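Working notes, structure below.
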Amino acid sequence: MKSKDTCEIYCYNQEKVNQVQNKIENVDISSVSRLFKAIADDNRAKITYALCQEEELCVCDLANIIGAPVANTSHHLRLLHKQGIVKFRKQGKLAFYSINNPDIKQLIKIGLAFGKEVKVDA
């Protein structure tokens, strides 16, 4: 039995297919997937959201916010830093993190709005 949500032909509009394929080849689409992969983890999403609420937060405060050990939180922050989502500064024995790009705040806001509009199965 065929599914109703699939095509029964190979290609409907080759011109559109070619145009979009050319556009995909000329952008760094992998950067988008890396960004979403980085914040796809619940703890990293919480960290990112927390940093969108405050100018900057210390690692130990972020650990308390997400309810995780400091070592685990530091691991998540290193990954977010590696992806360019957060930046950090040292002050003595403390490490403070903040959002690296204001567009991240907009992305989180859009994601939250999307989540309210569409109930997605996990």
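Derivation of every value follows stated rules applied to the coordinates shown; laboratory data play no part. Remember, predicted model here, so these are calculated numbers, not experimental data. All Cβ positions, even for glycine, are placed from backbone atoms using ideal geometry, and neighbour counts span all protein chains on display.
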Point to revise | Under 5 Å, built H, 5+ apart or other chain: amide partners of E56 | key: none
Check your understanding: Which three lengths, in whole Å and largest first, does the stretch 33-108 cover when its Cα atoms are put on their principal axes?
Key -> 33, 21, 21
Point to revise | Filtered trypsin sites (Lys or Arg not before Pro), the stretch 10-110: DSSP coil and at most 10 other beta carbons within 10 Å | key: K93
Revision key, fill the gap. Interchain or sequence-distant (5+) residues whose placed amide H lies within less than 5 Å of the amide H of V86 are H81, N100
Review point. So which lysines can K90 reach, going by Cα to Cα under 30 Å and dropping same-chain residues fewer than 8 places off?
Key: K37, K46, K82, K105, K109
Exercise for review: Tabulate in residue order the Karplus-calculated ³J(HN,Hα) for the stretch 97-104, using 6.51 cos²θ - 1.76 cosθ + 1.60 with θ = phi - 60°, rounded to whole Hz; enter x for Gly and Pro.
Suggested key: 10, 8, 5, 7, 9, x, 5, 4
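What's the longest uninterrupted piece of the chain once you rule out the GluC sites (Glu not before Pro) that are loop residues per DSSP with at most 12 other Cβ within 10 Å?
On the way: sites that count: E8, E55.
It runs 56-122.
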**Study point:** In order through the stretch 28-44: 3J(HN,Hα) via Karplus (6.51 cos²θ - 1.76 cosθ + 1.60), integer Hz, x for Gly, Pro
**Key:** 8, 5, 5, 5, 5, 5, 5, 4, 5, 5, 5, 9, 6, 6, 4, 5, 5
Point to revise | Extension reserve of the Q91-E55 stretch, reckoned as 0.36 nm per residue once the Cα distance is removed | key: 11.4 nm
